[in-house]
Amino acid sequence: MSSIFRLIPDQASTIAADVDQLYWFITGVTAFFGILVCVLVVYFAVKYRTNDPLAVGAPITGSIPLELAWSVIPFLISVVIFAWAAQVFFDIYRPPDQTLEIYATGKRWMWKFQHLDGKAEINELHVPIGRPVKVTFTSEDVLHSLFFPSFRVKADAIPGRYSTVWFEATKIGEWHIFCAEYCGTSHSGMIGTVHVMEPSDYQAWLSGSGGGGTLASRGERLFSELACNTCHLGDGTGRGPSLLNKFGTQEQLANGSIVTVDESYVRESILTPQQKLVANYQPVMPTFQGLVNEESVMALIEYVKSLQSSSGGPAAAANTAAPAAAPAQENR
Ligand code: CUA
């Protein structure tokens, strides 16, 4: 798959070539001017050498055209790099609307990937080719950094908050997963393999053994085990707000500000409920810090996401079978 030594990893995602072109452009510009200066230093040293110990250099009074040239040309080159890099940056940090969602947790010293259908894997990640994949992840202990070199995406895993990377694989094969943030003794061993498969192979893999219910159904179980359902009633009469059709909406907070109900907000509300209290509700919710681990939080988030139907609120759903809105693989 890969030779022993290569300058840069294979380009195996839709943005890899863009990143590389920009990288080589910047490297080329830097090398050009670096070499130009070195060559001129040597050339002038030879050209203007003298053996006369009393020689005095010619007086230099400056040159407006020259000074304008060496100001304006680098400025224009910088602007080109800025505009180009901004374009690539937006492509990398703005996932498409429809993505295959995967959760991940970094901990010393492994990556755990959690698929929405319940399947989990450690230091391995199976994804289909030709489909945008969004990985939402955090760390359970120290700073890590999730790095897919062949996809040219990388983001820090920060305890206490979610990061995301997205990619669309373009080459079947096995590619590296690295931790790119020094995180202790076995940092160098915090590696894994991403398996890019044909969609049909991926479906076959996905339907293989393992799981134990979808992530959302696990979250649903937790929702009643932790008694969340006693306050978050579906009809809005509970001591906490109804979570039905809540995900993705804007929420008015007690302090007057507005927050989007996304993964980070749901997570924050579970762990530090008073931080962003919803308007017209009392600060009565206890923290679940220490009671639920990151994987449980992800399951609860998926459950809240799945509550997008008109039938059955959280209270009803928690006591009955799975909610009508079966947790799909697609975003929302
Ligand atoms: Cu985790 Cu380095």
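What follows draws every value from the coordinates through simple rules; no lab data is involved. Quick caveat, the model's predicted, so the values are computed rather than measured. Note that each Cβ is placed from the backbone with ideal geometry, even for glycine, and that neighbours are counted across all protein chains shown.
Here are a few things to note about the model shown:
- Residue satisfying all of: in region 86-116; within 15 Å of the ligand (Cβ to nearest atom) and aliphatic (A, V, I, L, M); farthest from the chain's Cα centre (by Cα) among these: 110
- Considering residues of region 265-298 that are of a type in the set (A, V, I, L, M, F, W, C) and part of a loop (DSSP other than H, G, I, E, B) only, the residue farthest from residue 231 (Cα to Cα): 291
- Residue 29 surrounded by 11 or more Cβ atoms within 10 Å (Cβ to Cβ) and under 27 Å from residue 95 (Cα atoms): no
- Among the conditions (1) more than 21 Å from residue 162 (Cβ to Cβ); (2) surrounded by fewer than 12 Cβ atoms within 10 Å (Cβ to Cβ), the only one that residue 260 does not satisfy is (1).
- Region 1-49, subset under 30 Å from the mean Cα position of the chain (by Cα), without any contact (Cβ under 8 Å) to a residue 40 or more places away in the chain and not in a helix (DSSP H, G or I), residue nearest to residue 172 (Cα to Cα): 2
- Among residues of region 167-202 being assigned to a helix (DSSP H, G or I) and within 24 Å of the chain's Cα centre (by Cα), the one that is farthest from the ligand (Cβ to nearest atom) is 199.
- Among (1) in contact with a Ser or Thr (Cβ under 8 Å, 6 or more places away or on another chain); (2) touching a residue at least 40 places away in the same chain (Cβ under 8 Å); (3) not basic (Lys, Arg) - the single one residue 158 does not satisfy: (2)
- Residue list for region 108-123, filter: under 19 Å from residue 191 (Cβ atoms) and either in contact with a Leu (Cβ under 8 Å, 6 or more places away or on another chain) or outside any strand (DSSP E or B) (or both): 108, 109, 111, 113, 114, 123
- Single condition residue 129 does not satisfy, out of (1) surrounded by 19 or more Cβ atoms within 10 Å (Cβ to Cβ); (2) of a type outside the set (Gly, Ala, Ser); (3) more than 13 Å from the ligand (Cβ to nearest atom): (1)
- Condition check for residue 58: assigned to a loop (DSSP other than H, G, I, E, B) and of a type in the set (A, V, I, L, M, F, W, C): yes
- Sole exception among (1) of a type in the set (Asp, Glu); (2) away from the ligand (no atom under 16 Å from the Cβ); (3) exposed (fewer than 15 other Cβ atoms within 10 Å of the Cβ) for residue 141, by number: (2)
- Among (1) in contact with a helix residue (DSSP H, G or I) (Cβ under 9 Å, 6 or more places away or on another chain); (2) free of Cβ contacts under 8 Å to residues at least 12 places away in the same chain; (3) among the aromatic types (Phe, Trp, Tyr) - the single one residue 82 does not satisfy: (1)
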